[in-house]
1. Can you list residues whose amide H is under 5 Å from A:HIS374's amide H, if they're 5+ apart or on another chain and H is modeled 1.01 Å from N?
2. If R₀ is 25 angstrom, what is the calculated FRET efficiency for the pair A:GLU431 and B:LEU98, using the beta carbon separation as r and rounding to 0.05?
3. Would you please calculate the Kirkwood hydrodynamic radius of the range A:392-542 over all C-alpha pairs and express it in Å, rounded to one decimal?
4. Along Cα→Cβ, 7 Å out, is where each label goes; now give me the distance between the ones at B:ASP56 and B:PHE28 in nm to one decimal.
5. Can you give me the long-range amide H partners of A:THR527? Hydrogens built in the peptide plane at 1.01 Å from N, cutoff under 5 Å, separation of 5 or more residues or another chain.
6. Can you compute the FRET efficiency between A:ASP79 and A:LYS523 using 1/(1 + (r/R0)^6), with r the Cβ-Cβ distance and R0 = 60 Å? Round to the nearest 0.05.
7. How big is D, in µm² s⁻¹, for the protein assembly as shown by Stokes-Einstein at 4 °C and 1.567 mPa s if Rh is the Kirkwood radius over C-alpha pairs?
8. Once you charge only the Cβ atoms, +1 for Lys and Arg and -1 for Asp and Glu, what is the size of the charge dipole of chain B about its Cα centre, to the nearest 20 debye?
Amino acid sequence: MADTTPKPKEIAKIDHTPPLMRGWMDEPAEIKKGIYCYGSKPSNLEYVDMPFPREWSPLNDDWNLPENWKDIVKEGFKDRLDRFRSVKLFMDICVRCGACADKCHFFIGSGDPRNMPVLRAELIRSVYRRNFTTGGKLLGKLAGARDLDKDVLKEWWYYLYQCTECRRCSVFCPYGIDMAEITIFGRELTNLVGLNIDWIAAPVANCYRTGNHLGIQPHAYKDMLDFFTDEIEDITGIRMEQDLNRKGAEILFITPSGDVFADPGTYTCMGYMMLFHYLKNLGLDITWSTYASEGGNFGYFTSHEMAKRLNAKMYAEAKRLGVKWILGGECGHMWRVLNQYMDTFNGPADNLEEPVSPITGTKFENARSTKMVHIIEFTADLIKNNKLKLDPSRNDNLNVTFHDSCNPARGMGILEEPRYIINNVCNNFYEMPPNTIREQTFCCGSGAGLNAGENMELRMRGGLARANAVKYVHEKFGVNMLACICAIDRAVFPNLMEYWVPEVDVTGIHEMVANAMIFEGEKKRTTDLRGEPLPGMEEEEDV
Amino acid sequence: MNFIVSILFSGFAFSVVVLIPWIGVGAFDLRVFFGVIVPYAAMATFFVGIVVRVIDWARSPVPFRIPTTAGQGWSFPWIKSNPIDNPKGMGGVIVRMLFEVLLFRSLFRNTSLEYRRTGGLPKIDYEWEKWLWLSALVFHWSFLVVFLRHFRFFMEPIPGFVHLLENLDGFLQLGVLPFNGLGVPGVYITDGLLLAAVTYLFLRRIYISQVRYISLPADYFPLLLIIGLGLSGVLMRYFLRVDITAVKELAIGLFKFSPKVPDGIGVLFFIHLFILCVLIAYFPFSKLMHFIGVFLSPTRNLANNNRFVRHVNPWNYPVATHTYEEYEDEFREHMVEAGIPVEKGVEPKEEDKEVPETSQKE
């Protein structure tokens, strides 16, 4: 964590009362260190042919904008009003009732009034009114309208990259106005003039080239899986080799690359590998791919078009390998894209077949068009059909709570399956308060491409609402493990927990599954996947 | 622009709306203008404006099916799904929309943030907050009942449902304050509820700091119009009676397109009518369009069935992708070396053969 990040007690001094006498239009936004992310580097935009690649810094007065940037943005605005009913409607129908205001984790954690979803949207609506409504053209400020100028554009950029597209506000909005939709739209506009953040632009360029956000090349990807294979062998005594890019497999497995890259995601990855090995004898025929080695989609945080360009690899690779269907790993926005966009972007996947579990024979009817199944659904079905031999007491050292990741919750609705699995692989499960889970779940504070390092203060603020709920169950039930089904969660929660609730660790669900799974011919398991002693095995470790 | 400017501006606009008919009828006796021309113009603006706006919305397609899922989706038979908050098909969507439109279900979820610090560290709670939902619900339903009750002035004979509503609405059988004498009509509950709710909605814009900060003149103005509309109506009904027979003659004439303005209608009625005209003429250009917009909202009116029913984007266009061939061309040698299957083998070149051996020796 950056040394400059203020301490929790500093950050905790949050005032949620906006200024009394000065309206928000009267004060230009101040771009603060620790909150903003670095601007996109030209090479990353060039690689994917995004417009106006250049060196620029958010702190500079001059952002080196193209001369006709206003026309570009206005033209882009109009074009999108004609292409997205959502945007047009959401510009027109907000009544500013304020129901969304205190629902945003960034407002809760910062008190910055522009982080109230309604006001973040008004930053854009005000320009809409000025350019596209009669009232706004005639009355200006009195109609809530203002001109698009450089300060406004900077304000957009600053606050659009302080929204994690988590959709919590849209649950509470009486008209379903979705700030995520407005942010997606607004970010498309900033990208028209070359303004992105590098933490999004770099993964996009990487993913385009190497197949994954982290830029892991095929041989390195294999190295990583090999490394995990060795680790697993150490723990279980069984060598669980995985197939890569194998033609003719029945199923293609795609997971976020974060899972192969850093702890604790890697343990989840080992969990997948162990599950696949376990099922091999039961008839699972599955391959991983280095070309489609990314489940996530940072293109989605750039533009619909970029999302589609990156997403295309999944069906293309499925077709090339000749698989019947695709299995997807634990990830958040990945599943919003897969659920609500993929088939529309790049379907229909006619060369694939309606997914059927080769182990249980269950037809995944809810995926009969996209042909892509969530591994949580897949595993829940296995457990329901008694296909896994599990010893949940191996997770008895864990008091688990479950964080519903925003997108699987509010962009899909996969709420019960993960809980079903958790309840079958561990004995101590405690829910956080109802206002903070399921469809009302709080974001980790670092989603939608904001999991950079330079904006650590923003992330700690944004994650406060989630951390506060974790702290509650930690103090009440002794919760020491935060489970989630999102790779970004696994990447960012360790920092967040260390900052707000230091005694709580982070895990994916398949890590716990793998710990509990009893393999035929395994050696006596004394440690979990992290190499820490299993409950009751502490002595043996010492010996 | 702060909230005082916003309130002053909308208050000023509202005052003008009241003064125009007051002076127009009171001083210049422009009864036909305010009794016939303005109402027709306002109604035309209302209907044409709404149609134009809705067509404009509808012209923009819905490229992606993006419902906000607020409950368990449909997956396995053994997992209980939430067919209303996460609808699988049209039936669920209809129920969801009905809940939304009739009962303001999303607003019902509202809570209020309670932020405290204990020992310098944050402690966050989410408190019960149903006042916004309650006042919104009371306001909209009361407005509807009041509107329907007005059919007694437009229609002859008075339709049965109006009598029914009047009886229900007036069941408390309250007379007005005793000093007003006999013959005073019973008090309608909705008159009071409407005014109370709309006043609350106005006041909360001022005393809730966050709502105060985001409120625009466009938020205060319609509330003032509705308060003015309600007050002038209440005044007419309970205190400063107008000639109801004459008013009804005017109203029926308007709806039969043979308008005439009978004598004996007081200025207060023209103020009431003019406020209404401004409100409906303002309607299509304002946030009041939420009334229709909510039906078109793609996060609410679509089923979460993307994975089993494909949604088609009418403007979907081909995009540049990085193909597998390009990928393999870049990484083929590494892949072969690592034992990853490839489509094309590595073409052996003379110098390539030499290089690894020499490098190994080093």
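1. Result for A:HIS374 returns A:GLY328.
2. Values: r = 30 Å, r/R0 = 1.20.
Efficiency computed from Cβ-Cβ geometry: 0.25.
3. Values: mean 1/r = 0.0627 Å⁻¹.
For the range A:392-542, inverting the mean 1/r across all distinct Cα pairs yields 16.0 Å.
4. Label at B:ASP56, label at B:PHE28, 3.0 nm between them.
5. The answer is A:LEU534.
6. Values: r = 62 Å, r/R0 = 1.03.
In this case the efficiency is close to 0.45.
7. Details: Rh = 30.0 Å.
Rounded, D is 43 µm²/s.
8. Details: 32 positive and 31 negative charges, 477 e Å.
Around 2300 debye, computed over chain B.
Each reported figure results from applying straightforward, stated rules to the coordinates on display, with no laboratory input. This is a predicted model, so every value here is computed, not measured. Please note: Cβ atoms are built from the backbone with ideal geometry, for glycine as well, and neighbour counts cover all protein chains shown.
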